[in-house]
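Chemist: I have a structure here, written as structure tokens, and I will follow up with some questions on it.
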Amino acid sequence: MIIEIKVPSPGESITEVEIGRWLVSDGDIVEKDQEIAEVESDKATLALVATEAGAVSFKAEEGDSIKVGGVACTIDTDKAGEAPAAPKEEPKAEEKKEATEEKKPEAESKKPEPPKAEKKIETTKPPGEDVSHVKTTPAAKAVMEAEGLSVEEVLEGLRRLSRKDVETAAGALRNHPSLQKLEASREEDRQTMTSLRKKLSQRLVSVKNETAMLTTFNELDMSRVMQLRKTYQEKFVEKHGFKLGFMSFFTKAVSEALKLHTGINSMIEGDEIVTPRYHDVGIAVMTPKGLMVPIVRNVEAKSIPEIELEIKELAAKARNRRLTIEEMTGGTFTITNGGVFGSLMSTPIINPPQSGILGMHSIKERPIAVNGKVEIRPMMYTALSYDHRVIDGKDSVGFLVDLKEFIENPEKLLFGGSSPDELLLDL
């Protein structure tokens, strides 16, 4: 029986997809529920799965566009019991050489080779050369005594170079990278843009043209968060089974800062400004196919361990191209971390229809003033890009100030921005 494998719908607004990559070869025997292809849309990369076991037959090549519901391949279930053909591999050069040598007659293979005369390039030692200045380590002296050698004899031995020594040295010099001359080239590579990259390009251009985007900056001291990780990392791993990172602290701190500056969590819909009371924070993840932003939902109701685990799971799915459309839609705010690539400062671009995005950067030790003294602290620049049509400058600056307070005093994340002392004194 021939089974048609049709392209599923990745989302309501998507009518066409692209065959990104076949995971099997045409004619292979596949198992039921085996992933056989990656299908790319302008929003995500999805897996095409075999509904039955059998021999697969392609109806489209990599890079071809197919309508949603179209046939990507067929599966012949009558061939389900057959074993897949083993790929033919070219024998390696060493195997070829061994096979050739085995075919040689035994007499020929045992034929002795005439000894090669080794030419010696000798340099004579100047008569009466003083070797008193030559320093010898105790270990070297011990070997010389055991072998019955003098310093003069050792130096004389070093002055005798065989032909092989010279040829080896000459070959090494010829192949040294500093001596290689690069040939001028006018070649260029061309690669068709994927649907995901095309959509990303369109969105970036539309953000610049359709929003009044500004960026404000601040810096924060990472000492307390870094000390927390160092002190409790082992216990954290023992209890939760995964390591504690920085992103969960920032995600939680962003949620607390959004409570104090609700306008940052707003977006424009027609003539209305919509402000969700929940915080669905997108975490930008770089993948081989481009930037993807999976969403951590209801951050305001989650603990740091819960946030950390969800970020790790979503990031792994993004890098393995297994994110669903639902996992990438509906965010109210975004965080991007250029610091993992070494960025010191940047202006992140808003992820529409959101009105704000936080940019994290690399941590650098810098001298700062602390209580009138200069100290070296691990510092990070942060950037908030925002849509000025929705967010005023006061809120944007205040958001980063409060974020700084939460990161530099992480205990305040437990008390809604207040310190334990303030709560104790009912302030």
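The values are calculated or read from the model by the stated rules, or taken from the named source; none is laboratory data. Small disclaimer: the values here were computed from a predicted structure and weren't measured. Methodologically, a virtual Cβ is constructed for each residue, glycine included, from the backbone with ideal geometry; neighbour enumeration extends over all protein chains shown. With ligands, DNA and RNA removed, areas are computed over all heavy atoms of the protein, side chains included. Shrake-Rupley method; radii C 1.70, N 1.55, O 1.52, S 1.80 Å.
Okay, residues lined up against (1) in contact (Cβ under 8 Å) with a residue 40 or more places away in the chain; (2) surrounded by fewer than 21 Cβ atoms within 10 Å (Cβ to Cβ); (3) out of contact with any Gly (no Cβ under 9 Å at 6 or more places or on another chain):
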position: 265; (1), (2), (3): yes, no, no
position: 271; (1), (2), (3): no, yes, yes
position: 292; (1), (2), (3): yes, no, yes
position: 313; (1), (2), (3): no, yes, yes
position: 345; (1), (2), (3): yes, yes, no
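Chemist: What's the number of the only condition in (1) open to solvent by 50 Å² or more (accessible area, probe 1.4 Å); (2) under 25 Å from the mean Cα position of the chain (by Cα) that residue 232 fails to meet?
Modeler: (2)
Chemist: Quick check on my filter: what residues within the range 316-328 are surrounded by fewer than 20 Cβ atoms within 10 Å (Cβ to Cβ), out of contact with any Leu (no Cβ under 7 Å at 6 or more places or on another chain) and without any contact (Cβ under 8 Å) to a residue 60 or more places away in the chain?
Modeler: 316, 319, 320, 326
Chemist: When you check residue 339 against the structure, is it open to solvent by 50 Å² or more (accessible area, probe 1.4 Å) and either touching a strand residue (DSSP E or B) at 6+ places or on another chain (Cβ under 9 Å) or of a type in the set (Gly, Ala, Ser) (or both), yes or no?
Modeler: It is false that residue 339 is open to solvent by 50 Å² or more (accessible area, probe 1.4 Å) and either touching a strand residue (DSSP E or B) at 6+ places or on another chain (Cβ under 9 Å) or of a type in the set (Gly, Ala, Ser) (or both).
Chemist: Additional query: Can you say whether residue 214 is in a strand (DSSP E or B), more than 26 Å from residue 418 (Cβ to Cβ) and in contact with a helix residue (DSSP H, G or I) (Cβ under 8 Å, 6 or more places away or on another chain), as far as the supplied structure shows?
Modeler: Answer is yes for this residue.
Chemist: Another one. Considering only the range 341-351, I want to know if a residue exists there that is in contact with a Leu (Cβ under 7 Å, 6 or more places away or on another chain) and at pLDDT 90 or above.
Modeler: Checking the range 341-351: at least one residue is in contact with a Leu (Cβ under 7 Å, 6 or more places away or on another chain) and at pLDDT 90 or above.
Chemist: Assuming residue 275 fulfils every condition listed in (1) surrounded by fewer than 16 Cβ atoms within 10 Å (Cβ to Cβ); (2) within 26 Å of the chain's Cα centre (by Cα); (3) not aliphatic (A, V, I, L, M) apart from one, which condition is it?
Modeler: Among (1) surrounded by fewer than 16 Cβ atoms within 10 Å (Cβ to Cβ); (2) within 26 Å of the chain's Cα centre (by Cα); (3) not aliphatic (A, V, I, L, M), the lone unmet condition for residue 275 is (2).
Chemist: Which of the following residues is closer than 20 Å to residue 193 by Cα and modelled with pLDDT under 95: 287, 324?
Modeler: 287
Chemist: Name the one entry in 55, 44 that is surrounded by 14 or more Cβ atoms within 10 Å (Cβ to Cβ) and without any contact (Cβ under 8 Å) to a residue 60 or more places away in the chain.
Modeler: Criteria check complete, one pass: 55.
Chemist: Residue 303 versus (1) open to solvent by 30 Å² or more (accessible area, probe 1.4 Å); (2) farther than 24 Å from residue 410 by Cβ: which is the lone unmet condition?
Modeler: Just one mismatch for residue 303, condition (2).
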